[in-house]
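These notes concern the structure reproduced below.
The values are calculated or read from the model by the stated rules, or taken from the named source; none is laboratory data. Just so you know, these numbers come straight off a predicted model, no measurement behind them. Cβ: placed from backbone, ideal geometry, glycine included. Neighbour counts: every protein chain shown. Please note that ligands, DNA and RNA were not included when accessible areas were found on the heavy atoms of the full protein model with its side chains. Shrake-Rupley method; radii C 1.70, N 1.55, O 1.52, S 1.80 Å.
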Amino acid sequence: MSLYIGREASKLWKRICAETTTEINLLADNWKYILGGLIFQYIHGLAARGVHYLHRPGPILQDVGFFLLPELGQDKAYISETLFTTVFLSFVVWTFHPFILKSKKIYTVLVWCRVLAFLVASQFLRIITFYSTQLPGPNYHCREGSKLARLPHPQSLFEVLLMNFPRGITHGCGDLIFSSHMIFTLVFVLTYQKCGTKRCIKQLGWLIAVVLSFLIIASRKHYTVDVVVAWYTVNLVVFFLDKKLPELPDRTGGASLLLPLSNKDKDSKTREENHKLLNGNSVDPADWRQRTQVNGKILDDANLVHADATSMNGA
């Protein structure tokens, strides 16, 4: 038994080392995208903190979701946060599964480049939206009478940059349209829909996204419009960006490493193909078909039969 455990531990360690080497090479080529995406997360938090200074509490707006869904109450607000945290941590763990499991389909770095691109585009639209119109927050700490509903003017720039972390993040007001929780949830679900392999988990992901939407409204953390706008905006952002971004290499079946070509590699490959064309060689090695010259024209096998038939009819 101990021998088996030692052998499996050795295989796992080799797998982790090999995967780490691969991911480091990918990170060396894509670190700018990862860093840019992480920096924008801070910018998004800073923007949400800034709009809190503009927030003015008022009567809660009429909302169909508030009429249909019973209010959970302040003591049960943790339910939606617990579900969202579970989704967030589960997705993060899944993206690192290639380091552990033998069966794998994704590269961790490339998936996070894609995820951060979706997040940045959605959050950029969100910042524009909640700065365009500030609504009175429906959450308990954003209502009239709460000490957190209005923020006093900052005493220094340093105070703004620190954002009163972490309380300033969890108790913000004014950044309503559209829901940041739903941005992360939908991006994660859509990414697993494309890159994941378990059909039951894909279906469970969509079910959780729907349940979380109802819980957010029932907890009075957002208006219904905030959730609805998030559903179609994030889906559209992912749909259009996914067409622009390069396809992710598929590692299913133990395929060898297939990485996107850099611009230098692409230019080199283009020059090589042009060189082959100038020399009369086929670019595609699989296209080395036998060609025959008829009446001064070079024909391949597909056109040779047609040429012979024409010659016979003219004889």
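Structural remarks
- Of residues in the stretch 177-208 being open to solvent by less than 10 Å² (accessible area, probe 1.4 Å) and without any contact (Cβ under 8 Å) to a residue 60 or more places away in the chain, the one farthest from residue 101 (Cα to Cα): 178
- Count - residues of the stretch 96-123 that are of a type outside the set (S, T, N, Q), in contact (Cβ under 8 Å) with a residue 60 or more places away in the chain and part of a helix (DSSP H, G or I): 15
- Of the residues making up the stretch 50-70, those that are assigned to a helix (DSSP H, G or I) and in contact with a Phe, Trp or Tyr (Cβ under 9 Å, 6 or more places away or on another chain) are 50, 51, 54, 65, 66.
- Any hit, the stretch 125-140, residues being open to solvent by less than 20 Å² (accessible area, probe 1.4 Å) and under 21 Å from the mean Cα position of the chain (by Cα): yes
- Just so you know, in the stretch 52-101 the residues that are among the β-branched types (Val, Ile, Thr) and under 30 Å from residue 154 (Cβ atoms) include one that is surrounded by the most Cβ atoms within 10 Å (Cβ to Cβ), and it is 60.
Listed here are the residues, each with its yes/no results for (1) modelled with pLDDT of 90 or more; (2) open to solvent by 70 Å² or more (accessible area, probe 1.4 Å); (3) part of a helix (DSSP H, G or I).
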| position | (1), (2), (3) |
| --- | --- |
| 234 | yes, no, yes |
| 249 | no, no, no |
| 261 | no, yes, no |
| 268 | no, no, yes |
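- Test: residue in the stretch 70-77 that is under 25 Å from the mean Cα position of the chain (by Cα) and charged (D, E, K, R): no
- Condition check for residue 35: of a type outside the set (D, E, K, R), open to solvent by less than 90 Å² (accessible area, probe 1.4 Å) and at pLDDT below 95: no
- Of the set (1) out of contact with any His (no Cβ under 9 Å at 6 or more places or on another chain); (2) open to solvent by 80 Å² or more (accessible area, probe 1.4 Å); (3) touching a residue at least 24 places away in the same chain (Cβ under 8 Å), all apply to residue 150 but (1).
- Test: residue 5 is aliphatic (A, V, I, L, M) and either outside any helix (DSSP H, G or I) or open to solvent by 70 Å² or more (accessible area, probe 1.4 Å) (or both): yes
- For residue 162: the one exception among (1) closer than 24 Å to residue 55 by Cα; (2) touching a residue at least 40 places away in the same chain (Cβ under 8 Å); (3) hydrophobic (A, V, I, L, M, F, W, C): (2)
- Of everything listed in (1) under 27 Å from residue 110 (Cβ atoms); (2) surrounded by 12 or more Cβ atoms within 10 Å (Cβ to Cβ); (3) at pLDDT 95 or above, the single unmet condition for residue 215 is (1).
- Some residue of the stretch 24-32 being in a helix (DSSP H, G or I) and under 30 Å from residue 148 (Cβ atoms): no
- If the condition is being polar (S, T, N, Q) and part of a loop (DSSP other than H, G, I, E, B), then the stretch 154-210 contributes 155, 156, 164, 179, 197.
- Residues that are modelled with pLDDT under 95 and open to solvent by 30 Å² or more (accessible area, probe 1.4 Å) within the stretch 105-119 comprise just one, 105.
- In the set 164, 139, only one residue is on the phi > 0 side of the Ramachandran plot and of a type in the set (S, T, N, Q); that residue is 164.
- Cβ-Cβ under 8 Å pairs, at least 6 apart or on other chains, the stretch 29-47 side closer than 24 Å to residue 181 by Cβ, far side open to solvent by 80 Å² or more (accessible area, probe 1.4 Å) and not hydrophobic (A, V, I, L, M, F, W, C): 47/131
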